Structures are given as structure tokens and as C-alpha cells.
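The structure appears below as C-alpha cells.
The values are calculated or read from the model by the stated rules, or taken from the named source; none is laboratory data. Model, not experiment: these values are computed from the prediction. Here the Cβ is made from the backbone with ideal geometry for all residues, glycine too, and neighbour counts use every protein chain on show.
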Amino acid sequence: MQKIRVLVAEDFAPFRHFVRSTLSQRPNLQIVAEVSDGLEAVQKAKDLKPDLLLLDVGLPTLNGIVAARQIRNFIPHVKIIFVTQESSAEVAEEAFNSGGRGYVVKTRAGSDLLSAVDAILKGEQFVSSGVPFTPGEH
């Protein structure tokens, strides 16, 4: 089985460790790098060309939405899931417009993170419940 190469961009170390622990439940997922700011996410993505990118919206140096736009310029096939504290429709819409296909609110990550990964890897979209946004209706 070919491993899905994952880059995790999250500035809050305890949450980044939670993401790593959660993803480790899936043997087909391989975390190739963890970064703590948006500029570093862009640089690591260029170097490592991951299949899946988990991005916090509120990253320092370069926010996740801007980083996603830049990364998609050189890795157009990368699948992006935003993992964020933001639950507004406006931010979710901007995330999807930047190339995201998944949107997980951190307070729901325990139940939603692996569901989002599964959906995105099957070519579907995912938005945590409670976010007033439906992909494709913007």
C-alpha cells in the first residue's frame, strides 16, 4: 500500500501533537514534516511535495489561506484540509476558494479530523458541523 504523504502546519505545539497522534491511527498516512508557520509550510511543501496538507488558518508569518494559494501554484494536486478555530462562513469560503477541500474546526477535531481525511482522500469535501458553509453554494 502506498503511503499518503502528509505535511502538518500548526503553530500550537500541543495541538500539532494531537494531530500527529490522531493521524498515526491510519497506517496509510505518513507525516513527512511538521511546521509552525505559513512560510515554512510553503518551503517544506516545495521540498517534499506532500499528497495531503493540514493547515491552520491562523499561522504566523503567512496565514494558512495565503500559504495554500502559494502551495497550489506548484503542487496543484495537493489535497488541503484546513484545521482552525474559525467557524465563520466567510473564512470557510475563503479557505475553499484557496484550494481547500476540507474544513475542520479545532473544537470538533477529535471527531472530525479522520472523517475529513477519509472524505478528502475519496475526492469528497468535508466541513465540520456548526460551520454555516456548504461547499459549492458560494
For segment 114-122, does any single residue satisfy the condition of being part of a loop (DSSP other than H, G, I, E, B) and at positive phi? no
Any chance PHE126 is touching a residue at least 12 places away in the same chain (Cβ under 8 Å) and in contact with a strand residue (DSSP E or B) (Cβ under 9 Å, 6 or more places away or on another chain): yes
If you take the residues in segment 80-106 that are aromatic (Phe, Trp, Tyr) and within 8 Å of the chain's Cα centre (by Cα), which one is nearest to VAL42 (Cα to Cα)? PHE82
Report whether or not LEU52 is modelled with pLDDT of 95 or more, under 24 Å from SER24 (Cβ atoms) and touching a strand residue (DSSP E or B) at 6+ places or on another chain (Cβ under 6 Å). yes
Restricting segment 5-31 to residues that are under 18 Å from PHE74 (Cα atoms) and of a type in the set (Val, Ile, Thr), which is surrounded by the most Cβ atoms within 10 Å (Cβ to Cβ)? VAL8
